[in-house]
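Take a look at the structure below.
Any read-out appearing in this document is the output of simple, stated calculations on the displayed coordinates, not a laboratory observation. None of the values given here were measured: they were computed from a predicted structure. Heads up, the Cβs are rebuilt from the backbone with ideal geometry, glycines too, and the neighbour counts pull from every protein chain shown.
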Amino acid sequence: MGIFDRFSALLKSNMNDLISRAEDPEKMLTQILDDMRGQLVKAKQQVASAIADEKRLRDQTDAEYKQAQDWERRAMLALQESREDLAKQALMRQNEHASHGQQLEQTWEQHKMETDKLKNQLRDLNDKIEEAKRKKNLLVARQRRAQAQQRIAETMSSLSEKSAFEAFNRMEERIETNERQIKAAAEIEDEFTGDTLQRDFKALERGAGAVSVDSQLLALKQKMGMLSAGNAPAKALGSGEPAQDVGAEVVKPGEEKSR
């Protein structure tokens, strides 16, 4: 199992455990991201170790090829000095180092391919974690909205119960009953307290002394000169002055009214 397979299995196990006992989604998402970051750090360390191994193989390969070149130069030096026996031995060493170099190079190429694959996987993993961080804020906002909607629904549900409305109705009826009782007590107090005969005459006097709007209007017109002498209002009965027929002719003494 590769390092990323182990990482994925561990992360999946942790997430399933968190989801199964999730009480606060926001805390759960934060914990998941923390686990992802922790595993990412470990994955980076292992990828870095793989890259170091790949570089070490490259250095070993280059060293073997360098040794092969050095022994080739020694073989040439031996030939220049007419030492074919030393030249053959140098060529044998050259072949050994060249063969080791080729083997190491094949191993290095395979390791480099795996290392490049690991680096790409690590890059993808880092991008996914960054995307998860962005999604976390959205998920938290959606969770808070859902919680707010749930609280509103619970409140509306509690208000829709008959007992709550019945309590309001009972309270309203009680207040109305109290108001009626207060009004009745006030009426009783006014009607059956003090000298009732004197109170009745005071009421009559208030009614008799009241001036109607029509009378006020006629008086105002007369004051403004809007009424002629023939249209002057007659004195009301009981005013102490006899009403005068404004349409009758005045007869002087010694004259008779012609018929």
Practice prompt. Please give the FRET efficiency for residue 177 paired with residue 155, using the beta carbon to beta carbon distance and R0 = 35 Å, rounded to the nearest 0.05.
Written response: 0.70
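Rounding to the nearest 20 debye, state how big the charge dipole of segment 26-106 is about its Cα centre with +1 on each Lys and Arg Cβ and -1 on each Asp and Glu Cβ.
On the way: 13 positive and 15 negative charges, 40 e Å.
That gives segment 26-106 a dipole magnitude of about 200 debye.
Between beta-carbons, use under 11 Å as the cut-off and find the net charge around residue 109, counting Lys and Arg +1, Asp and Glu -1. Walk me through the numbers before you get to the answer.
Numbers: positive: 58, 112; negative: 54, 105, 114, 116.
Taking every Cβ under 11 Å from that of residue 109, the sum is -2.
Please give the FRET efficiency for residue 188 paired with residue 227, using the beta carbon to beta carbon distance and R0 = 35 Å, rounded to the nearest 0.05.
On the way: r = 50 Å, r/R0 = 1.42.
With R0 = 35 Å, the Cβ-Cβ based efficiency is 0.10.
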Worksheet entry | Pairwise label distance in nanometres, residue 141 with residue 34, each label 7 Å out on the Cα-Cβ vector | 2.5
Worksheet item: So how do 111-121, 214-224 stack up, highest first, on mean other-Cβ count within 10 Å?
Response: 111-121, 214-224
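Of 27/128; 66/117; 55/88; 66/112, which sit over 31 Å apart, Cα to Cα? Numbers along the way, then the final one.
On the way: 27/128 19 Å; 66/117 29 Å; 55/88 33 Å; 66/112 21 Å.
Where the Cα-Cα span goes over 31 Å, the pairs concerned are 55/88.
Which FRET efficiency value, to the nearest 0.05, is calculated for residue 220 and residue 198 with the Förster distance at 41 angstrom and r the Cβ-Cβ distance? If you can, show how the numbers build up before the last one.
Working: r = 35 Å, r/R0 = 0.85.
That pair, residue 220 with residue 198, gives E of 0.70.
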Worksheet, complete the sentence: Two pseudo-spin positions, 7 Å from Cα along C-beta at residue 60 and at residue 148, lie apart in nanometres by 6.2
Practice prompt. Taking 7 Å along the Cα-to-C-beta vector as the label spot, tell me the residue 169-residue 116 distance in nanometres, rounded to one decimal.
Written response: 8.2
